[in-house]
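The values are calculated or read from the model by the stated rules, or taken from the named source; none is laboratory data. Bear in mind that the values here come from a model prediction, so they are computed numbers and not experimental data. Every residue, glycine among them, receives a Cβ derived from its backbone with ideal geometry; neighbour counts consider all protein chains shown. Note: accessible area is taken over every heavy atom of the protein model, side chains too, but ligands, DNA and RNA are not part of it. Shrake-Rupley method; radii C 1.70, N 1.55, O 1.52, S 1.80 Å.
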Amino acid sequence: DAKTTQPPSMDCAEGRAANLPCNHSTISGNEYVYWYRQIHSQGPQYIIHGLKNNETNEMASLIITEDRKSSTLILPHATLRDTAVYYCIVREGIGGGTSYGKLTFGQGTILTVHP
Amino acid sequence: EAGVAQSPRYKIIEKRQSVAFWCNPISGHATLYWYQQILGQGPKLLIQFQNNGVVDDSQLPKDRFSAERLKGVDSTLKIQPAKLEDSAVYLCASSLDPSPNSPLHFGNGTRLTVT
């Protein structure tokens, strides 16, 4: 089962920052926070991931709270092409003979960027 | 680098027929995954390979689904016999290794329709 809670949908104006929240209050110390997005008829696209520190790449920034119970994905200047389903995922660690780094998707947030 | 390649892109079969999907992961990626995505839901992991060995197949319906990765590179997923509820997109993904710090990269999937 997914260990994250996301709003089902959000809107954003083109050119503005899109801030997508995610709650993961039961996250364990060795579990990473991942973000993927999926545009219609395509496979999920990797965006960013982090363990405890904030991360930034060419696509987005990931802000993780100090207690690691929530995070925010920031798309700094949203465009119409950023309209997609965004998945926040807590990825399992490896160990104990039953954990293999599984990536379990939830329902995600439908982000609509409008002109 | 080339992404994850999948074929065919679309497949329509009748129930009780068999079908096979093919996946070629990113070069050098040791870990390969098959996911099933039913319309309106997030992808669900079916099976995970490390090189040519199965790491996790706990979610694979083994009475009708099978998968192999004989030489540790390409993989095939087979369904025999297909049921109506198998209609879905079948996604293949690969990662450098199973570490939770190693992102999965997805192909665009095979859309299966069972009539």
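For (1) more than 25 Å from B:V89 (Cβ to Cβ); (2) without any contact (Cβ under 8 Å) to a residue 40 or more places away in the chain, each residue gets a yes or a no:
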residue	(1), (2)
A:K3	no, no
A:S28	yes, no
A:S99	yes, yes
A:H114	yes, no
How many residues does segment B:104-115 contain that are in a loop (DSSP other than H, G, I, E, B) and more than 15 Å from B:I13 (Cα to Cα)? 4
Hey, among the residues in segment B:101-115 that are open to solvent by 10 Å² or more (accessible area, probe 1.4 Å) and at the interface with chain A (Cβ under 7 Å from one of its Cβ atoms), which one's farthest from A:E31 (Cα to Cα)? B:N108
Residues of segment B:72-100 classified as at the interface with another protein chain (Cβ under 10 Å from one of its Cβ atoms) and either more than 13 Å from the chain's Cα centre (by Cα) or over 20 Å from B:L32 (Cα atoms) (or both), total: 5
Does B:G42 satisfy the criteria of being in contact with a Phe, Trp or Tyr (Cβ under 9 Å, 6 or more places away or on another chain) and without any contact (Cβ under 8 Å) to a residue 24 or more places away in the chain? yes
Only residues that are over 21 Å from B:L84 (Cβ atoms), in contact with a strand residue (DSSP E or B) (Cβ under 8 Å, 6 or more places away or on another chain) and of a type in the set (A, V, I, L, M): list them for segment B:1-20, please. B:V4, B:A5
On the given criteria, is B:Y10 of a type in the set (F, W, Y), in contact (Cβ under 8 Å) with a residue 60 or more places away in the chain and more than 9 Å from chain A (Cβ to nearest Cβ)? yes
Working only within segment B:43-87, note down all residues that are small (G, A, S) and open to solvent by less than 10 Å² (accessible area, probe 1.4 Å). B:S75, B:A82
Restricting segment A:1-37 to residues that are in contact with a Phe, Trp or Tyr (Cβ under 7 Å, 6 or more places away or on another chain) and closer than 21 Å to B:W34 by Cβ, the residue that is surrounded by the most Cβ atoms within 10 Å (Cβ to Cβ): A:Y36
